[in-house]
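The block underneath contains the structure these notes are about, expressed in structure tokens.
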Amino acid sequence: MALFGRNKRPERRGTPFNALIVGVGNPGREYAGTRHNVGFDVVDELAKKYSVALKSSRDRALVAEVHSGDTHLLLATPTTFMNDSGNAVGPLALRYGISDPSQIIIVHDELDLEPGVVRIKIGGGLAGHNGLRSISTHLKTQEFVRVRIGVGKPSSKEEGADHVLSRVPQNERQVLDIAVVTAAEAVVLIVEQGAQAAMQQINAR
């Protein structure tokens, strides 16, 4: 399957990876802890779980390889800005031989869910999320798996950017911190049991 619209052999040889797990957000200290960066927070949580460290790569992302028994994962957080996430995800998937969209898990913030709600979705629409749009453009498909973390909607559409990029009040931060742990659990379930089984467990909560 030519996932990227062209046939090209992956550069990496050796053990194939089970999944590419990408948390999207904006790089830079000024964006740390914002609603838009909960995807970064989940990948950091997974890196701690698997005792690995994210390091700079040539694919415009911080990456870490996880090798645990039969589990082989690539964790990544793009160093592009959110709206250009595909510039990292596309090359990473190509280099590491990820040729099936179901092996790509994108963790992102979701305005259409209440703060702290975590849901798994396979393919479908992009709900106006520019990071997902960029990834879809580069992968030539929308059929990747998403782990969506609710951050709630602002009172008006015009306040959308301020809502996702501003610091989070302490009471909501506690809710999001719990959601980050739940989302990391969701990723592990997807890897171990498949997206459909994970969806039944996580989405029922």
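Readers should treat all values here as calculations from the given coordinates under stated rules, not as data from a laboratory. Since the structure is predicted, the reported quantities are computational estimates derived from the model, not experimental observations. Cβ coordinates were reconstructed from backbone atoms using ideal geometry, including for glycine residues, and neighbour counts include every protein chain displayed.
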Checklist entry - Magnitude of the Cβ-charge dipole of the stretch 44-146, K/R +1 and D/E -1, about the Cα centre, nearest 20 debye? => result 260 debye
Checklist outcome for this item: Per residue, the convex hull enclosing the Cα atoms of the chain spans a volume in Å³ of 115 Å³
Checklist entry - How high is the relative contact order of the chain, given as a whole-number percent (alpha carbon pairs under 8 Å, six or more residues apart)? => result 26 percent
Next on the checklist: Under 22 Å between alpha carbons, and skipping anything fewer than 8 positions from residue 153 in its own chain: which lysines qualify?
Outcome noted: 121
Checklist entry - If the label point is 7 Å along Cα→Cβ of residue 177, which residues in the stretch 36-50 have backbone nitrogen under 19 Å from it? => result 36-49
Checklist entry - Can you work out the FRET efficiency for the pair residue 170 and residue 30, with r the C-beta to C-beta distance and R0 = 22 Å, to the nearest 0.05? => result 0.75
Item to check | Peptide ranges 40-51, 118-129 listed from the most packed, as the mean C-beta count within 10 angstrom indicates | outcome: 40-51, 118-129
Checklist entry - From the phi of every residue in the stretch 96-107, what ³J(HN,Hα) in whole Hz does the Karplus formula 6.51 cos²θ - 1.76 cosθ + 1.60 yield, where θ is phi - 60° and glycine or proline is x? => result 9, x, 8, 10, 10, x, 5, 8, 10, 10, 9, 9
Next on the checklist: If R₀ is 35 angstrom, what is the calculated FRET efficiency for the pair residue 50 and residue 157, using the beta carbon separation as r and rounding to 0.05?
Outcome noted: 0.35
Item to check | Among 180-188, 192-200, the order from most to least packed when residues are scored by Cβ within 10 Å on average | outcome: 180-188, 192-200
Next on the checklist: Give me the net charge for the shell around residue 52: Cβ to Cβ below 13 angstrom, other residues only, Lys and Arg +1, Asp and Glu -1.
Outcome noted: 0
Next on the checklist: Please compute the length gained on full extension between residue 112 and residue 140, using 0.36 nm multiplied by the number of residues separating them and subtracting their Cα-Cα distance.
Outcome noted: 7.6 nm
Item to check | Within-11-Å neighbourhood charge of residue 145 [Cβ basis; K, R +1; D, E -1] | outcome: +1
Item to check | Cα-centred dipole magnitude for the chain, charges only on beta-carbon of K, R (+1) and D, E (-1), debye, nearest 20 | outcome: 660 debye
